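Asker: First the structure, which I've put down as structure tokens, then a few questions once you've had a look.
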Amino acid sequence: MTIYLDYDGLLLFDSVHHAIRGEKLLLAANIKIVSLPTPREIDVSCGQCLLFPLADQEKIKKIFHDQQLKWKKLFKCNLKERVYEELESR
Amino acid sequence: MSTKIDAKGLACPGPVIATKKALESIEQGIVTIVVDNEVAKENVVKYATAHGCGVSITKQAGDFTVKITKGEAVLAPDKIAAPLSAPTENLVYLITQNTLGHGSSELGAVLMKSFMYALLESTVLPKTILFMNAGIMLTIKSSPVLEHLETLDQRGVEILSCGTCLDYFAVKNELAIGGVTNMYTIIEAMSAANKVITL
Amino acid sequence: MGFETADDAGIYELNETTALIQTLDFFTPIVDDPYMFGQIAAANSLSDVYAMGGKPLTAMNIVAFPIGSLPAEVLGEILKGGQDKVIEAGAVIVGGHTIEDSEPKYGLSVTGIVHPNKILKNIGALPGDVLIITKAIGTGVLTTAAKADMFLEGVEAAISSMAMLNRYAAEAVANFTIHACTDITGFGLLGHLYEMAVGSSVKIRLQARAIPLLPDAAEAASMGLVPAGAYRNREYLKTVTIDPSVPGNIEDLCYDPQTSGGLLLSVPAAIAKEVLLALKESGSTQAAVIGEVLEKGKGEIYVD
């Protein structure tokens with residue numbers, strides 16, 4: 001069972017390069033995140049996502065905006081039940 | 001195998017009935033159902049998760065598209081995979097570097113993290129994971145996958161790091177998970193195993 | 001009597017010993033069998049009288065029926081179901097009114113009596129009281145399951161429960177001191193608990209695990225057979241705090257709108273055991289203690 005049950009936000013990126021850059025930026029800003037392969041429920045082709053507490057979503061969006069990092073979709077997720085609800089899409 | 005259903009305009013519990021029919025008609029695959037109100041969306045999601053399926057929801061101008069994934073190593077939320085320790089099946093992972101694959105070490109680091117994450121969700125856990133050479137970077141304090149290994153450890157997976165390697169990289173005091181082992185034990189563990197996977 | 005307690009019955013004092021109770025209710029079919037629909041609708045309409053500690057005397061039929069498109073026998077069955085239930089309640093049908101409508105509806109307008117000093121209100125719960133309900137919960141979810149042809153055993157149990165008169169429960173507790181009483185209907189268990197809590201100015205604790213549930217109700221709720229009314233009830237109730245340990249399906253059942261539900265009683269802790277025994281012995285086999293009244297407050301409800 002996944003250990004990040006209290007992380008209820010998920011960001012999807014167009015490319016793994018964006019995900020890698022995003023992870024670096026957020027770690028530098030001390031925001032708790034975990035990188036993980038894109039859940040199969042969202043997309044079956046391999047990709048990278050970032051998992052984080054949804055409460056930090058505004059902070060994260062601001063950092064990405066300031067650093068001009070593109071992201072594709074923001075989901076609210078329940079990892080235990082494997083439910084991913086799309087909140088925003090760019 | 002993918003089925004798409006339009007359940008807009010259906011009175012309760014029409015959307016759930018449609019979902020039930022569609023999910024019962026496939027072994028595994030994707031069922032996509034479109035509803036036009038929150039109550040229907042909530043109920044369809046409840047039905048899907050109660051049947052061990054994963055769900056992804058997107059919204060389009062008041063309608064909800066619910067994508068339900070059934071089958072393939074479906075893990076019910078209350079089932080936690082136990083490591084296989086029966087004598088006939090003995091799986092060992094040997095991890096010889098802290099990245100996965102060749103070509104780009106940056107990508108390799110990403111892949112190793114993905115690998116460890118996916119291993120946590122797997123229904124088939126190894127009896128032992130052995131770390132050698134640069135692999136020991138994953139069992140020391142600065143490891144990017146420490147929490148993943150801690151969870152595996154809690155679930156009974158044995159985690160062992162080669163002592164010589166820890167010493168070589170001068171990180172003997174930084175070991176953060178599992179025990180220290182030597183080449184003899186490593187050989188024994190690999191020989192006794194039915195399957196050894198080397199990364 | 002006043003309007004502050006939001007009862008959907010009216011009380012009018014005739015003299016020192018007698019007050020008149022008037023109530024009415026009607027709705028569209030929730031089960032396929034017309035006779036049972038009549039029984040349930042009648043039991044539901046009569047319930048308010050019992051919830052006030054009264055005794056029904058007369059009832060009048062309220063009927064809407066598509067005369068052209070459904071056979072008259074169906075209407076006959078509905079009315080028979082209603083009449084049999086009224087007779088069981090010791091009252092009598094004195095007339096009624098029917099209109100043509102595309103959708104059938106049935107219910108009763110009921111007149112009952114109660115002694116002015118013995119009127120049970122839904123306010124008056126006191127800190128330290130124990131909360132008891134007399135019927136199991138889950139009719140909303142199970143009538144939804146019925147439409148999906150699922151959980152037939154649970155549906156049968158729900159039908160029996162809905163058709164059961166609250167008369168027996170009311171008579172069983174008639175000689176006990178009841179601080180507050182209401183019947184559980186469309187607002188769900190939490191909705192009616194809230195009315196009691198806010199009207200009595202208290203805080204209430206509900207033990208989710210103690211709530212008696214109809215067979216299959218929990219499973220049906222977990223599968224999304226949850227009526228829209230449950231979601232509406234949840235939207236409306238803002239002073240409820242639910243502990244994260246309460247499973248989602250049980251939470252949904254707490255908001256599940258009930259049809260012809262049981263009585264919700266607030267009784268002094270000292271007599272709770274006796275009250276429960278009396279209820280069980282008179283046919284309310286599902287009666288259970290489900291919570292307690294904590295202290296003075298503004299209607300806060302804690303569910304754990």
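Asker: Cβ-Cβ below 8 Å, separation at least six or inter-chain, first residue in the stretch C:226-255 and closer than 16 Å to C:L193 by Cβ and within 9 Å of chain B (Cβ to nearest Cβ), second of a type in the set (D, E, K, R) and open to solvent by less than 70 Å² (accessible area, probe 1.4 Å): which pairs?
Answerer: Note: pairs meeting the criteria are C:A230/C:D252; C:A230/C:D256.
Asker: Step by step: first the residues of the stretch A:6-17, then only those that are out of contact with any Cys (no Cβ under 9 Å at 6 or more places or on another chain) and more than 10 Å from chain B (Cβ to nearest Cβ), then the one that is least open to solvent (accessible area, probe 1.4 Å). Which residue is that?
Answerer: Step one: filter the stretch A:6-17 for residues out of contact with any Cys (no Cβ under 9 Å at 6 or more places or on another chain), giving A:6, A:14-15, A:17.
Cutting the leftovers down to more than 10 Å from chain B (Cβ to nearest Cβ) gives us A:6, A:14-15.
Numbers: A:D6: 110, A:D14: 86, A:S15: 38 Å².
Among them, the one singled out is A:S15.
Asker: Would a scan of the stretch C:30-42 turn up a residue that is β-branched (V, I, T) and over 16 Å from the mean Cα position of the chain (by Cα)?
Answerer: Kept after step one, since they are β-branched (V, I, T), are these residues of the stretch C:30-42: C:30-31, C:40.
Next cut, over 16 Å from the mean Cα position of the chain (by Cα) only: C:31.
Yes, the stretch C:30-42 has at least one match.
Asker: What pairs can you find where one residue is in the stretch A:27-43 and more than 9 Å from chain B (Cβ to nearest Cβ), the other is buried (at least 20 other Cβ atoms within 10 Å of the Cβ) and of a type in the set (A, V, I, L, M, F, W, C), and their Cβ atoms are less than 6 Å apart, with a gap of 6+ or different chains?
Answerer: Every condition considered, the pairs that remain are A:I33/A:L26; A:I33/A:L50; A:I33/A:F52; A:T38/A:C49.
Asker: Which residues, taken from the stretch B:14-45, are within 7 Å of another protein chain (Cβ to nearest Cβ), open to solvent by less than 40 Å² (accessible area, probe 1.4 Å) and not polar (S, T, N, Q)?
Answerer: Within the stretch B:14-45, B:V16, B:V39, B:V44, B:V45 qualify.
Asker: Restricting to the stretch A:74-84, name every residue that is closer than 19 Å to B:T32 by Cβ and either open to solvent by less than 50 Å² (accessible area, probe 1.4 Å) or away from chain B (no Cβ under 13 Å) (or both).
Answerer: A:F75, A:C77, A:R82, A:V83, A:Y84
Yes/no matrix, rows are residues, columns are (1) of a type in the set (V, I, T); (2) in the same structural domain as B:G71 (by TED's automatic domain parsing); (3) within 24 Å of A:K32 (Cβ to Cβ):
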residue: B:S104; (1), (2), (3): no, no, no
residue: B:L107; (1), (2), (3): no, no, yes
residue: B:F115; (1), (2), (3): no, no, yes
residue: B:I136; (1), (2), (3): yes, no, no
residue: B:E147; (1), (2), (3): no, no, yes
residue: B:G179; (1), (2), (3): no, no, no
residue: B:M183; (1), (2), (3): no, no, no
residue: B:I187; (1), (2), (3): yes, no, no
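Asker: Just a yes or no: is a residue in the stretch B:5-13 away from chain C (no Cβ under 14 Å), at pLDDT below 95 and not in a loop (DSSP other than H, G, I, E, B)? Walk me through how you get there before you give the answer.
Answerer: Going residue by residue through the stretch B:5-13, those that are away from chain C (no Cβ under 14 Å) are B:5-6, B:8-9.
Pick out the ones that are also at pLDDT below 95 and you get B:5-6, B:8-9.
When the remaining residues are screened for being not in a loop (DSSP other than H, G, I, E, B), the result is B:5-6.
Scanning the stretch B:5-13, I find at least one residue that is away from chain C (no Cβ under 14 Å), at pLDDT below 95 and not in a loop (DSSP other than H, G, I, E, B), so the answer is yes.
Asker: Just need a number here: residues in the stretch A:44-82 that are closer than 20 Å to B:G54 by Cα and free of Cβ contacts under 8 Å to residues at least 24 places away in the same chain.
Answerer: Total meeting the criteria: 4.
Residue-wise test of (1) farther than 30 Å from C:L152 by Cα; (2) open to solvent by less than 70 Å² (accessible area, probe 1.4 Å); (3) of a type in the set (G, A, S).
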position	(1), (2), (3)
C:F37	no, yes, no
C:K55	yes, no, no
C:I62	no, yes, no
C:G76	no, yes, yes
C:Q83	no, no, no
C:V86	no, yes, no
C:I99	yes, no, no
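The rows are residues; the columns are (1) outside any helix (DSSP H, G or I); (2) in contact with a Cys (Cβ under 9 Å, 6 or more places away or on another chain); (3) open to solvent by 30 Å² or more (accessible area, probe 1.4 Å); (4) more than 9 Å from chain B (Cβ to nearest Cβ).
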| residue | (1), (2), (3), (4) |
| --- | --- |
| A:A19 | no, yes, no, no |
| A:G22 | no, no, no, yes |
| A:L25 | no, no, yes, yes |
| A:L50 | yes, no, no, yes |
| A:K59 | no, no, yes, yes |
| A:H65 | no, no, yes, yes |
| A:W71 | yes, no, no, yes |
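The values are calculated or read from the model by the stated rules, or taken from the named source; none is laboratory data. As the structure is a prediction and not an experimental result, all values here were calculated from the model. Don't worry about glycine lacking a Cβ; one is built from the backbone with ideal geometry, like all the others, and counts go over all protein chains shown. Just so you know, the surface numbers come from the protein's heavy atoms only, side chains and all, with ligands and any DNA or RNA stripped out. Shrake-Rupley method; radii C 1.70, N 1.55, O 1.52, S 1.80 Å.
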